[in-house]
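This report concerns only the one structure given below.
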Amino acid sequence: MKLIWTTLVAGLAAVFGANGLVDDIDTRGADRGYGSNATASAVHAVDGSEVSNEALNNVIQEYCVRCHNERRLRGDLSLEEFDVGAPHENAETAERIIHKLRAGMMPPTGVRRPAGDSLDILAETLEEQLDDVARRNPDPGRRTFQRLNRAEYESAIEDLFGIRVDASAYLPTETLSENFDNIADTQILSATLIEGYMRAAAQVSRDAVGDIAAAPATTVYKIPKTVSQVGHVEGTPYGTRGGTAVTHNFPADGEYVFELDMHPSPDGQLFGLTAGTSRVEVAVNGERVALIELDRWTNEGDPTGLRWETPPIHVNAGPQKVTAAFLMEREGPVTDLITPLDFTLADPNMGVGYGVTTVPHIRDLSVSGPFSVTGLSDTPARRRIFSCRPTAPDEEEPCAEEIIESIAAEAFRRPLRGGEVDELMTFYDEGRTQGGFEIGIRNAIWAILSSPRFIFRLESTPDGVDPGEVYELDDADLASRLSFFLWASPPDDELIRLAADGKLTDEDELVRQTQRMLADPRAETLATRFASQWMRLQDLEKINPDAQLYPYFNHQLKQAMDRETELLFHNIVQEDRSILELLTADYTFVNGQLADHYGIPGVTGSDFVRVELADENRRGLLGHGSILMMTSHGNRTSPVLRGKWVMEVLLGSPPPPPPPAVPDLDETESSEGSRQLTTRERMEMHRDNPACMSCHNVIDPIGLALDNFDVTGAWRIKENLGEIDPSGELYDGTPINGPAGLRSTILKRPSVFRRTFAKNLMAYAIGRRVEYYDMPTIREMERDAADNDDRVSSYILGVVLSPAFRMSRGVAIAADAEAHESPQQ
């Protein structure tokens, strides 16, 4: 441990410099490629006449400067000195102008606007001049060091050893930036973080090699209380209901004890035992190893009936599937009001005061052991690791070198350099002395997984690169970028081989590899990671609908909503369809439960199937339960949250935060006499506050257009006995009515959605914020994709072939004389 820690600190010092992090440089002005003289392009009006820069400057002075001047500084912006003829001199401001104009947000509704297409011409003029400068002076930008986040760490370990780890047990919660958890400038480095990586490395090395001397330990698997206990849970044996299924890595062959902790009722006794005795089957790899009969009167270890455990059970080492589920005691579904409801535990009193029967709920499944260790079975991880087996003492060192070089090359995502094998053999020798050949290998794996070369996604800086100089990434670094972008995991053998041969920087080969990787099942991470984070699906976990208002809602339905949205995006990638189908898709993917929730007939079972949508209000993301529920509160819809989500996620125009001391909507009167007010009526009262009006006039009409969907995304036509009115007027004066109307309005300005998608895709791919100097690349991606029916592959290839993805900019860092490795982009 001490040797690994000392080596890790020395490695970090070599990589990041003796003084810690790298020195930054001023990257504005000429360094951004905007310092060169711009070539003004002639822009013409609809009638073909040329519009001069002077005329466009007059438009800004007459219609914009009234608010955006040095005195008023609306939006913290002054345009008094802005010159349309030289936008490169203030490119950041120019890009802000372009975005507002393309979105139709400026000048705001109610303010005088110029006639004709003057605003479109202004935006086009600025774009052409900035794009021309960028073509002649590409700027890839730069990022600070980037490390493996939780998801990437788990994927890397699974690729190496075929075992799954829970990185959240060792690494802190990732900070989201630009919606994503892989943005470099939020990935802080601390002693606590490094210690977490080292603890993870120690555990992974023991799990992978096996640990015949493992001390008994307990792992607890928690089950959300909203998981339905009356239906079949995926992964559990057929003929069971409720419960859970997990894959547990057993460190050695031996005896293990499985413990079930049940949810209590308000009086502290076993919850839900009102429908007779329940029996729980514990199984390993589908084979029953124990049957527990729940009866509070016969549990001698715990008279409350809340804790039950099995006798010691022998299990072999390695990853094994463990399930604990209730036996189905009767034929047919358990869903009516005489038999238990799906969703009862969120409000335990429902089982007492509502005349509804309930069932017990498993809260935790614990696995304790090993006891009475008998050996180590040949696990998948051990088969991967021990590519050779020494049969004599003089064979041990060559075999160890072979194993260590193979694992380290895959972990470091490149061929090993001179001296690295010898360095790792030091750790092998230390472990070999302590416990033999396998302990030596385990110690070396610990060192590999603790190395900065594994933890950090390091990129090489060529010799002689000056600060601010643009250079192309080498093949190995490009392979890593491509793989973590498309698969959220390290590069495979083919990428590593091409990188070693120096072929990946060839543009045609890079395109071929991108297409190959998109056709691979691992590309589903574009849906489960990129799309999920862009759409903020992680916020679903924060919302649990009120159990009394929505008693049939459960955790499985929430998971189905999440999966529906992921499958829509994954289908678009698989079939290379237009990204506009995210808004317009007249199909979706549902299982039986979600289909029932939406009122779609003919779907049964837990498998997801594609169905056509006759109702245009349900089409695209705006009709997905995932989006509608996570933008609600537990007991009511929220037009503000829904409008804010549309503006931020789909339009790339986040509204400003509310002013201080503004009352929440819940503080607004909810009734008028004996009549309960609708959400729209309460919003109108809330909007009377002058401090709220300017923003709510923009947000509310968007959110209210979706108000026919309730908290859970189910369709409704009334609220509190009042008719729902989904009509309104968008910020640019366009009338909207309902989800279909909102969708049509967004598609009238498709450029805004296209660019928002492209910006998010690029941020995720390159691991840094998309800045104003990246916008010419975004517009080029949009133009190329528009010529290819907006196919998602055009955007993905646009990112991969962009300067920001394939190039880097030199920065001043402490030298690493041996490897010239830099944590910089």
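The values are calculated or read from the model by the stated rules, or taken from the named source; none is laboratory data. Values in this document were obtained by computation on a predicted structure and should not be read as measured data. Positions of Cβ are backbone-derived with ideal geometry, glycine not excepted, and every protein chain shown enters the neighbour counts. Accessible surface areas use protein heavy atoms only, side chains included; no ligands, DNA or RNA. Shrake-Rupley method; radii C 1.70, N 1.55, O 1.52, S 1.80 Å.
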Practice problem: List every residue pair whose Cβ atoms sit under 8 Å apart, with the two residues 6 or more apart in sequence or on different chains, where the first one lies in the stretch 784-797 and is of a type in the set (Phe, Trp, Tyr) and the second, anywhere, is in a helix (DSSP H, G or I). | Solution: Tyr795/Phe757; Tyr795/Ala758; Tyr795/Leu761; Tyr795/Met781; Tyr795/Ala785
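Condition check ((1) within 29 Å of Leu650 (Cα to Cα); (2) in contact with a Pro (Cβ under 8 Å, 6 or more places away or on another chain); (3) surrounded by fewer than 18 Cβ atoms within 10 Å (Cβ to Cβ); (4) among the aliphatic types (A, V, I, L, M)) across all residues:
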residue	(1), (2), (3), (4)
Asn149	yes, no, no, no
Tyr153	no, no, no, no
Ser168	no, no, yes, no
Asn182	yes, no, no, no
Thr186	yes, no, yes, no
Leu189	no, no, yes, yes
Self-check item: Odd one out for Asp211, checked against (1) open to solvent by 30 Å² or more (accessible area, probe 1.4 Å); (2) out of contact with any Asp or Glu (no Cβ under 7 Å at 6 or more places or on another chain); (3) of a type in the set (D, E, K, R)
Solution: (1)
Quiz item: Does Thr144 qualify as being under 16 Å from the mean Cα position of the chain (by Cα) and among the β-branched types (Val, Ile, Thr)?
Solution: no
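For every residue, the table says whether it meets (1) surrounded by fewer than 21 Cβ atoms within 10 Å (Cβ to Cβ); (2) under 19 Å from Thr144 (Cα atoms); (3) at pLDDT below 95.
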{"position": "Arg749", "(1), (2), (3)": "yes, no, yes"}
{"position": "Ile796", "(1), (2), (3)": "no, no, no"}
{"position": "Val799", "(1), (2), (3)": "no, no, no"}
{"position": "Met807", "(1), (2), (3)": "yes, yes, yes"}
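So if I check each of Pro264, Pro251, which one is open to solvent by 40 Å² or more (accessible area, probe 1.4 Å) and over 14 Å from Val284 (Cα atoms)? Lay out the reasoning, then the answer.
Numbers: Pro251 fails: open to solvent by 40 Å² or more (accessible area, probe 1.4 Å).
Result of the check over Pro264, Pro251: Pro264.
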Exercise. Check every one of the helices (runs of 4 or more DSSP H) wholly within the stretch 400-503 and list those with 3 or more residues that are more than 28 Å from Cys388 (Cβ to Cβ) and open to solvent by less than 10 Å² (accessible area, probe 1.4 Å).
Key: 475-486
Quiz prompt | Single condition Asn90 does not satisfy, out of (1) touching a Phe, Trp or Tyr at 6+ places or on another chain (Cβ under 9 Å); (2) in contact (Cβ under 8 Å) with a residue 24 or more places away in the chain | solution = (2)
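Identify, from the list Glu293, Glu234, the residue that is assigned to a strand (DSSP E or B) and at pLDDT below 90. Talk me through it step by step, then tell me what you get.
Details: Glu234 fails: assigned to a strand (DSSP E or B).
Going through Glu293, Glu234 in turn, the sole match is Glu293.
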Quiz item: If you go through the stretch 65-75, how many residues are modelled with pLDDT under 80 and not basic (Lys, Arg)?
Solution: 2
Practice problem: Using the structure shown, decide if Ala156 is outside any loop (DSSP other than H, G, I, E, B) and under 22 Å from Asn760 (Cα atoms). | Solution: no
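Mind checking which residues of the stretch 368-389 are open to solvent by 40 Å² or more (accessible area, probe 1.4 Å), touching a residue at least 12 places away in the same chain (Cβ under 8 Å) and either closer than 15 Å to Ser451 by Cα or not in a helix (DSSP H, G or I) (or both)? Give the derivation first.
Just the residues of the stretch 368-389 that are open to solvent by 40 Å² or more (accessible area, probe 1.4 Å), to begin with: 371-374, 376, 378, 380, 383-384, 387, 389.
Still in the running and touching a residue at least 12 places away in the same chain (Cβ under 8 Å): 371-374, 376, 380, 384, 387.
Hits for the stretch 368-389 are Phe371, Ser372, Val373, Thr374, Leu376, Ser387.
With of a type outside the set (Asp, Glu) and free of Cβ contacts under 8 Å to residues at least 40 places away in the same chain as the only criterion, which of Ala202, Ala156, Ala184, Ala215 stands out? Before you say what the answer is, go through the steps one by one.
On the way: Ala202 fails: free of Cβ contacts under 8 Å to residues at least 40 places away in the same chain; Ala156 fails: free of Cβ contacts under 8 Å to residues at least 40 places away in the same chain; Ala184 fails: free of Cβ contacts under 8 Å to residues at least 40 places away in the same chain.
So the residue among Ala202, Ala156, Ala184, Ala215 that is of a type outside the set (Asp, Glu) and free of Cβ contacts under 8 Å to residues at least 40 places away in the same chain is Ala215.
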Exercise. Considering only residues that are without any contact (Cβ under 8 Å) to a residue 40 or more places away in the chain, touching a strand residue (DSSP E or B) at 6+ places or on another chain (Cβ under 8 Å) and surrounded by fewer than 18 Cβ atoms within 10 Å (Cβ to Cβ), look in the stretch 692-728 and name the one that is nearest to Thr565 (Cα to Cα).
Key: Arg716
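Just checking, does the stretch 342-361 include any residue being at pLDDT 50 or above and under 34 Å from the mean Cα position of the chain (by Cα)? Lay out the reasoning, then the answer.
First, pick out the residues of the stretch 342-361 that are at pLDDT 50 or above: 358-361.
Now narrow it down to the ones that are under 34 Å from the mean Cα position of the chain (by Cα): 360-361.
Yes, the stretch 342-361 contains at least one residue that is at pLDDT 50 or above and under 34 Å from the mean Cα position of the chain (by Cα).
Applying the selection to the stretch 618-650, what residues are part of a loop (DSSP other than H, G, I, E, B) and either surrounded by 21 or more Cβ atoms within 10 Å (Cβ to Cβ) or among the hydroxyl-bearing types (Ser, Thr, Tyr) (or both)?
Just the residues of the stretch 618-650 that are part of a loop (DSSP other than H, G, I, E, B), to begin with: 619-620, 624, 631, 633-636, 638.
Matches in the stretch 618-650: Arg619, Gly620, His624, Thr631, Ser638.
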Practice problem: Kindly establish whether Ala547 is out of contact with any strand residue (DSSP E or B) (no Cβ under 6 Å at 6 or more places or on another chain) and more than 27 Å from Asn179 (Cβ to Cβ). | Solution: yes
Exercise. Enumerate the pairs (first residue in the stretch 249-274 and touching a residue at least 24 places away in the same chain (Cβ under 8 Å); second residue anywhere and surrounded by fewer than 17 Cβ atoms within 10 Å (Cβ to Cβ) and among the basic types (Lys, Arg)) with beta-carbon separation below 7 Å, excluding pairs fewer than 6 apart on the same chain, so at least 6 apart or on different chains.
Key: Glu259/Arg307; Asp261/Arg307; Gln269/Arg296; Leu270/Arg296; Leu273/Arg296
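Yes/no matrix, rows are residues, columns are (1) hydrophobic (A, V, I, L, M, F, W, C); (2) under 28 Å from Gly605 (Cα atoms); (3) in contact with a Leu (Cβ under 6 Å, 6 or more places away or on another chain):
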position	(1), (2), (3)
Ser228	no, yes, no
His248	no, yes, no
Gly254	no, no, no
Phe258	yes, no, no
Ser265	no, no, no
Self-check item: Residue in the stretch 91-118 that is farthest from Pro735 (Cα to Cα), counting only those that are crowded, with 18+ Cβ neighbours inside 10 Å and of a type in the set (A, V, I, L, M)
Solution: Ala91
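Hey, among Ile157, Ile188, Ile194, which residue is modelled with pLDDT of 95 or more, of a type in the set (A, V, I, L, M, F, W, C) and out of contact with any Gly (no Cβ under 6 Å at 6 or more places or on another chain)? Explain how you work it out, then say what you get.
Working: Ile188 fails: modelled with pLDDT of 95 or more; Ile194 fails: modelled with pLDDT of 95 or more.
Just a single option satisfies the conditions, and that option is Ile157.
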Quiz item: So which residues in the stretch 53-82 are in a loop (DSSP other than H, G, I, E, B), at negative phi and either of a type in the set (A, V, I, L, M) or surrounded by 15 or more Cβ atoms within 10 Å (Cβ to Cβ) (or both)?
Solution: Cys64, Val65, Cys67, His68, Asn69, Leu77, Ser78, Leu79, Phe82
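Okay, residues lined up against (1) over 25 Å from the mean Cα position of the chain (by Cα); (2) at pLDDT below 85; (3) in a helix (DSSP H, G or I); (4) farther than 25 Å from Tyr598 by Cβ:
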{"residue": "Glu681", "(1), (2), (3), (4)": "yes, yes, yes, yes"}
{"residue": "Asn697", "(1), (2), (3), (4)": "yes, yes, yes, yes"}
{"residue": "Asp700", "(1), (2), (3), (4)": "yes, no, yes, yes"}
{"residue": "Ile736", "(1), (2), (3), (4)": "yes, no, no, no"}
{"residue": "Arg743", "(1), (2), (3), (4)": "no, no, yes, no"}
{"residue": "Arg754", "(1), (2), (3), (4)": "no, no, yes, yes"}
{"residue": "Lys759", "(1), (2), (3), (4)": "no, no, yes, yes"}
Self-check item: Per-region count, the stretch 542-595, residues surrounded by fewer than 20 Cβ atoms within 10 Å (Cβ to Cβ), assigned to a helix (DSSP H, G or I) and of a type in the set (Val, Ile, Thr)
Solution: 1
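Please work out if Ala523 is modelled with pLDDT under 95 and either touching a Cys at 6+ places or on another chain (Cβ under 6 Å) or buried (at least 17 other Cβ atoms within 10 Å of the Cβ) (or both).
No, not satisfied.
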